[in-house]
1. Quickly run through the range 331-372 and pick out the residues that are closer than 16 Å to Met166 by Cα and not charged (D, E, K, R).
2. Identify the single condition in (1) among the aliphatic types (A, V, I, L, M); (2) more than 17 Å from Gly441 (Cβ to Cβ); (3) in a strand (DSSP E or B) that Leu165 does not satisfy, given that it satisfies every other one.
3. Tally the residues that are in a helix (DSSP H, G or I) and of a type in the set (S, T, N, Q), restricting the search to the range 73-93.
4. With the checklist (1) over 24 Å from Lys255 (Cβ atoms); (2) modelled with pLDDT of 95 or more; (3) surrounded by fewer than 18 Cβ atoms within 10 Å (Cβ to Cβ); (4) more than 19 Å from the chain's Cα centre (by Cα) in hand, flag the one item Thr337 doesn't pass.
5. Go through the range 46-72 residue by residue and tally those that are crowded, with 18+ Cβ neighbours inside 10 Å, closer than 17 Å to Trp112 by Cα, within 20 Å of the chain's Cα centre (by Cα) and hydroxyl-bearing (Ser, Thr, Tyr).
6. Tally up the residues in the range 320-375 that are more than 28 Å from Thr231 (Cβ to Cβ), charged (D, E, K, R) and assigned to a loop (DSSP other than H, G, I, E, B), please.
7. For residues in the range 284-308 being in contact with an Asp or Glu (Cβ under 7 Å, 6 or more places away or on another chain) and closer than 15 Å to Ala331 by Cβ, which is surrounded by the most Cβ atoms within 10 Å (Cβ to Cβ)?
8. Scan Ser113, Ser145 and give me the residue that is surrounded by fewer than 20 Cβ atoms within 10 Å (Cβ to Cβ) and within 30 Å of His448 (Cα to Cα).
Amino acid sequence: MNRALLLSGAAAVAAMTGCSSDNTSTTPTGSTATPSAGGPGAPGGGGTMVSYTDFKGVTTDGTVVPDLFAVHSTGVSTAAVVAAGTAFVAALTDAQKAETLYDVTADQWLNWSNIHNFSRNGVRMKDMTAAQQKAALAVLQAGLSAEGLALSNNIRKLNHVTGRLMGRLDQFDEDLYFITVMGTPSQTEPWGWQFQGHHLVLNYFVLGDQVVMTPTFLGSEPRVGYYDDGTKIELFTEELAAGVAMINALDASQKAEAITAATKGGTVNSTEAGKDNAVLPYAGIKVSELTTAQQTRLLDLANLFVGNMDTGHAAVKMAEIKDKLAETYFAWQGPTTADGAFYFRIQSPVILIEFDCQGGGPASGAVEAALVPDNATKTGVVSGNTQGGGPAPGGSGGPQPGSGPPGADASGGAAPGGGGGGGSRNHIHAVIRTPNGNDYGFDLLKEHLATHPHPSAT
């Protein structure tokens, strides 16, 4: 967007929408409810939630790079997701709407977390009727690609497997996910939705025919398991293989630049929940130093993550990434073997992808049991490690643990069962962000409101 529009800062957004510049409320539109215990200061992931008006975005040095994003027509229709969003809102009761509907500039955008016992706002899948659940999942179907929808559904299914095996379906289950809607579904006015729960967070902003689907959080522990009907679910196999193939496509000198640490700790990701304004300097090898074939391989790796959004808008985003390819960096930590537990990062002015084989988390006790086909129909096979306790999802208050201290263990080996502090292929965390102020479509919304002022609230 134009640099002049950036100078007004986030306060301009609040002024144009009639919001107080110091508003940190996460209360839904028309609701008098107090913010959830998962509000400011308690998002997990080692960070602290900031208000919408204090949002800056991930940067490399604390300064937002200007003129990266602009309101324009993509030529890709958003009619399907608008229709699905409209139908979902219509399916809610008045009480559910009071819990679920927010202003488009609400702090709720930033009020998300991956952790299982985070106290969330919105309406929970478990509390919906069958018709409402169908309408909610139709929103995901309209906004995601077939691959993205399958991944989202399977993350939720493995969360159920975790809860069943640990006898903790009150804390881990496939319907313990919440949805909120910011703004009113429209093909002309800005709006969006947020879907979140354990190991799955989708933020989806819509303006005309433009879409921003970041921040996105994707993960799983266990990564492999058998669902109740005996179906084997295995996640992130392609991403793991493509990451290893990418690092091993580099020659020795290129690897020396790309690999920033030969070993990795249990947690390396820098931009999970509560890290919306993280400062993350570039690291690794600059992609302009790679051959054409290596660059193509990197783009294919990036597309495994970007491609979870609907196909048309994923293509738009990939074109944006290609345009900044010469300013992109690829970094790696950990072993480069086919079975190693590693971390990699793809970072440019317009994309940030972090992929981390993490140490054992709250569901580590279920990892080994999930691999046994005969356990597909069993409950309470293992003792649960809920890592910090707290309320069941949707509860009120209680501890809000993070994902563990960065660098808790320097081991580069994969912990077979997902336990301990070292990295494990059985516990994956992936984060996708739009740096320099356009997570949540923030920069696009600023430009839209600067050129199309909305009446102030009275």
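The values are calculated or read from the model by the stated rules, or taken from the named source; none is laboratory data. Here the structure is a predicted model, which means the values were calculated and not measured. For neighbour counting, all protein chains shown are included, and Cβ atoms are generated from backbone atoms with ideal geometry for every residue, glycine included.
1. Gly360, Gly361, Pro362, Ala363, Ser364, Gly365, Ala366, Val367, Ala369, Ala370, Leu371, Val372
2. (3)
3. Here is the first cut: in the range 73-93, the residues in a helix (DSSP H, G or I) are 79-91.
With of a type in the set (S, T, N, Q) added as a condition, the list becomes 86.
So the count comes out to 1.
4. Every listed condition holds for Thr337 apart from (1).
5. 2
6. Counting residues in the range 320-375 that are more than 28 Å from Thr231 (Cβ to Cβ), charged (D, E, K, R) and assigned to a loop (DSSP other than H, G, I, E, B) gives 1.
7. Ile285
8. On the way: Ser113 fails: surrounded by fewer than 20 Cβ atoms within 10 Å (Cβ to Cβ).
The unique qualifying residue is Ser145.
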